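For reference, the structure discussed in these notes is given below.
Rule-based calculations on the coordinates, nothing more; no lab input. The shown structure was predicted, so the numbers you read here are calculated from the model rather than taken from an experiment.
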Amino acid sequence: MNFENTFSYNVDQFTLISHVLSLGFAVMAAGLVYFLVTRSSLAPRYQFSSVLSAVVMVSAFFELFLLYQRWVGAFRWDGTAFVQSGTLFSNGYRYVNWSIDVPVLLIQLLIVMGVTGRRFHQSWVAFVVGGLAMIYTGYAGQFHEVERDAPFWVWGLVSTLFFVLLLVLVARIIFGNLARLPRSARGPARAVWWLVLVSWLLYPGAYLMPALWDSADGVVARQITYTVADITSKVVYGVLLGIIARRVSAVEGYAPAVADEVALPRGGI
Ligand code: RET
């Protein structure tokens, strides 16, 4: 069970969480339109990265929409506070969503950084296996977040080992291929590294929230943390990869068709 189900909430706390969750799925819907519309401004070999961003947007939209509905259904107003209604709220939906999004986000990085052939295949396997291992061990641990007995810490630690492994791989992909990118794309590529580092660290922060701040305000902080992490690690990340791909496309001499020139201002977005 999640610690969200162990508290009652005042109007402000309950409403803030409802709003933050709705911001999450609204941003995913907006991102979906953005990635589909800007897809054709990229050279064909990078367009698949925009399609993958769109896949992430659709899966995150449904997950966050579901989570919002679980939240408003899990509590009822009793005249003084929002108390449990009998259905449980569960962050477990987030973890199963990551099973789709984490591998897809990392494969996008391989495409945009121009990794091909055997290296692509090896990194792809490492990302999928390492990503799923990180997520499912964390998933096992979060069932223990209220008691915070040994499995909460042990699974959390095992998950962290896979997390560190993934970060090392991401750093190698980015910094190992930096010199091959045109100069104009190197800044955004470095920014991707910092974005991944900071935004991904928010997820273990949210995992630890019951231990750090065991109160209704801690629940508010956790849902805000998750939403900031989701918007940055999925949407801002996708936009940044798009900028890199667009700059590489321009250097490779790719010019979008006339119709796209009308849809997109000169110089791209
Ligand atoms: C868990 C369990 C506790 C330890 C660690 C974790 C890491 C989670 C991460 C999730 C990233 C999710 C992303 C989703 C995007 O759609 C599983 C919370 C280290 C890094 C990027």
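Tell me the relative contact order for the chain as a rounded percent, counting alpha carbon contacts under 8 Å between residues six or more apart.
Reported relative contact order: 27 percent.
Please give the Cα centre distance for the range 41-113 versus the range 179-230, rounded to the nearest Å.
About 15 Å separates the Cα centre of the range 41-113 from the one of the range 179-230.
Per-residue HN-Hα couplings for the range 133-143, Karplus 6.51 cos²θ - 1.76 cosθ + 1.60 at θ = phi - 60°, whole Hz, x for Gly and Pro?
5, 4, 6, 6, 5, x, 4, 4, x, 5, 5
Could you go through the range 84-96 in sequence order and give the Karplus-derived ³J(HN,Hα) for each residue, using 6.51 cos²θ - 1.76 cosθ + 1.60 with θ = phi - 60°, rounded to whole Hz, and x for Gly and Pro?
In residue order, the calculated couplings are 4, 9, x, 9, 8, 8, 9, 6, x, 4, 5, 5, 5 Hz.
Taking amide H positions as placed in the peptide plane 1.01 Å from N, state which residues far from residue 148 in sequence (5 or more) or on other chains have amide H under 5 Å from it.
Result for residue 148 returns nothing.
Residue 215's amide H: which non-local residues (gap 5+, or another chain) put their own amide H closer than 5 Å, with H modeled 1.01 Å from N in plane and none for Pro or chain starts?
Distant-sequence amide H within range of residue 215: zero hits.
Run lengths n ≥ 4 of DSSP H only: what is the helix-derived mean residue ellipticity at 222 nm for the chain, with -39500 (n - 2.57) per run over all residues, to the nearest 500?
The per-residue figure over the chain is -26000 deg cm²/dmol.
Given Cα pairs under 8 Å that are at least 6 residues apart, what percent is the relative contact order of the range 131-229?
The value is 22 percent.
Got a sec to turn the phi values of the range 150-163 into Karplus ³J(HN,Hα) couplings, 6.51 cos²θ - 1.76 cosθ + 1.60 with θ = phi - 60°, whole Hz, x for Gly and Pro?
Per-residue couplings from phi come out as 3, x, 4, 7, 5, 5, x, 5, 4, 4, 5, 4, 5, 4 Hz.
Would you work out if the range 200-239 is rounded, prolate or oblate? Take a ≥ b ≥ c from the square roots of the eigenvalues of the alpha-carbon gyration tensor; rounded if a/c is under 1.5, else prolate when a/b is larger than b/c, oblate otherwise. Can you show the working numbers first?
On the way: a/c = 5.64, a/b = 2.30, b/c = 2.45.
Cα axes put the range 200-239 in the oblate bin.
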